[in-house]
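Below is one structure, written out as structure tokens, with a few remarks after it.
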Amino acid sequence: MYQLLATTPMGMEAVAAKEVQALGYETTTENGRVLYQGDARAIVKSNLWLRSADRVKLVVGRFYATTFEQLFEQTKNIPWENYISENGSFPVQGRSLKSKLFSVPDCQAIVKKAIVERLKKAHNQQGWLREDGALYKVEVAILKDEVLLTIDTSGAGLHKRGYRLAQGEAPMKETLAAALVLLSNWKGDTPFIDPFCGSGTIAIEAAMIAQNIAPGFNRDFVSENWDIIPEGMYDEERVKAEDVAEYDKEISITASDIDPNMVEIARNNAIEVGFGDIIEFKQMNVHDLTLNSEKGAIVGNPPYGERIGERAEVEAMYTYLGELIEKNPKWSLYILTSLKTFEVLVGKKATKRRKLFNGYIECTYYQYWGER
């Protein structure tokens with residue numbers, strides 16, 4: 001069994017934990033981390049299926065160290081040969097916060113040296129290690145003198161789903177977009193609208209969720225080449241994912257934006273992932289939005305009105321959304337924005353609020369649940 005760690009942006013730990021639990025593992029959460037135990041298959045399933053996590057890491061060691069000697073000795077005591085293959089390549093990255101060992105380059109060098117010593121002894125090797133095989137990215141993270149040593153199993157971040165051909169100037173990460181949809185509890189049985197679609201990320205993630213398509217289905221992971229992952233296991237899990245996908249499920253998703261160029265980008269991204277016929281794209285001002293069914297969900301990340309002159313325009317949009325759900329009480333509204341006066345403009349307190357970060361911008365996810 002391995003100790004695994006799914007990393008998430010602040011505020012999204014509970015969403016990712018729920019996903020890990022749905023895969024069948026018990027979790028504990030810390031700031032930006034979901035911890036759980038699992039075998040090699042857990043690594044594979046986590047990479048293929050987690051929608052809101054940034055990456056999946058293997059925890060190899062956790063201990064306190066206030067001197068370089070302690071860091072070296074405790075790192076060397078870890079059975080690295082159980083994780084890294086004989087000719088594995090293992091670059092070491094580091095970060096340190098509020099700790100006595102604050103020099104990151106020194107910490108990286110010491111951890112690297114300790115692993116080298118351990119592997120040379122384990123494999124009876126003299127001189128240099130070859131390091132011409134599979135990649136094992138080691139990270140040493142020190143917080144308040146507690147050292148966490150991990151190996152990244154994902155490679156490129158999990159938000160890189162492989163469908164985004166182009167994007168706007170401030171694109172939302174796929175992982176955050178998926179979290180917004182998961183938090184809305186929309187399952188695909190009512191209409192879904194994103195009136196500020198940008199490059200189409202929220203709408204595409206919603207379609208993947210509704211049709212139960214594994215987000216990591218169309219990409220590779222660094223751990224596919226590791227000795228600890230049985231050969232063919234990733235392919236095996238991909239076949240299982242293909243079997244449970246509901247490609248024929250009828251869903252209604254509309255994505256619109258005022259900018260025709262963004263609508264074109266969004267449409268091309270959707271075609272890339274196979275949703276060209278499933279998501280309806282429109283160039284439209286939000287004030288022209290009408291709701292033609294009894295219930296559904298509006299999920300969006302509108303412009304925040306940070307630029308001069310945009311503020312009044314953005315405020316008018318929010319007021320209009322408030323009027324829409326007032327007239328359509330069974331519709332739910334979920335909006336991510338940094339604007340503090342959002343509830344005042346909508347004219348109603350949100351059912352639930354959640355603090356999330358869109359990149360480095362602190363935002364609130366306002367959730368208005370429609371009447372059952």
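Each principal axis of the chain carries a Cα extent, and these read 74, 45, 37 Å when sorted largest first.
Taking square-rooted eigenvalues a ≥ b ≥ c of the alpha carbon gyration tensor, is the stretch 40-124 rounded, prolate or oblate, where a/c under 1.5 means rounded and, failing that, a/b exceeding b/c means prolate? Here the stretch 40-124 falls in the oblate category.
Multiplying the residue separation of residue 185 and residue 355 by 0.36 nm and removing their Cα-Cα distance gives an extension gain of 59.5 nm. With both labels modelled 7 Å from their Cα along Cα-to-Cβ, the residue 37 to residue 117 distance reads 3.0 nm. Looking at the square roots a ≥ b ≥ c of the eigenvalues of the Cα gyration tensor of the stretch 2-152, which shape do they give, rounded for a/c under 1.5, prolate if a/b is larger than b/c, or oblate? Because a/c hits 1.5 or more and a/b fails to exceed b/c, the stretch 2-152 counts as oblate. Looking at the chain as a GNM with Cα springs under 10 Å, which of 245, 270, 178 has the largest mean-square fluctuation? Residue with maximal mean-square fluctuation among 245, 270, 178: 245.
In this structure the chain gives 48 Å² per residue of accessible area when probed at 1.4 Å with all protein chains present. The dipole here belongs to the stretch 34-163: it is taken about the Cα centre, uses +1 on the Cβ of Lys and Arg and -1 on the Cβ of Asp and Glu, and is about 420 debye. Once you order the gyration tensor axes a ≥ b ≥ c over the Cα atoms, which shape class does the stretch 263-329 get: rounded for a/c under 1.5, otherwise prolate or oblate by comparing a/b with b/c? It comes out oblate by the Cα gyration axes. In sequence order, the stretch 16-26 has phi-based couplings of 5, 4, 4, 5, 4, 4, 5, 7, x, 10, 7 Hz under the Karplus curve 6.51 cos²θ - 1.76 cosθ + 1.60, θ = phi - 60°, and Gly or Pro positions carry x. Close amide H partners of residue 256, meaning residues 5 or more places away or on another chain with modelled amide H under 5 Å apart, are 194, 196, 197, 282.
For the stretch 281-298, the Karplus equation 6.51 cos²θ - 1.76 cosθ + 1.60, evaluated at θ = phi - 60°, returns couplings of 9, 9, 8, 7, 7, 4, 5, 9, 6, 10, 10, 9, 10, 5, 9, x, 10, 10 Hz by residue, with Gly and Pro reported as x. Using a probe radius of 1.4 angstrom, the carbon and sulfur fraction of the accessible surface of the chain is 49%.
The values are calculated or read from the model by the stated rules, or taken from the named source; none is laboratory data. Worth saying up front: this structure is predicted, and the values here are computed from it rather than measured. Here Cβ is always computed from backbone atoms with ideal geometry, including for glycine, and neighbour counts include all displayed protein chains. Heads up: the accessible areas ignore ligands, DNA and RNA and are worked out on the full protein's heavy atoms, side chains in. Shrake-Rupley method; radii C 1.70, N 1.55, O 1.52, S 1.80 Å.
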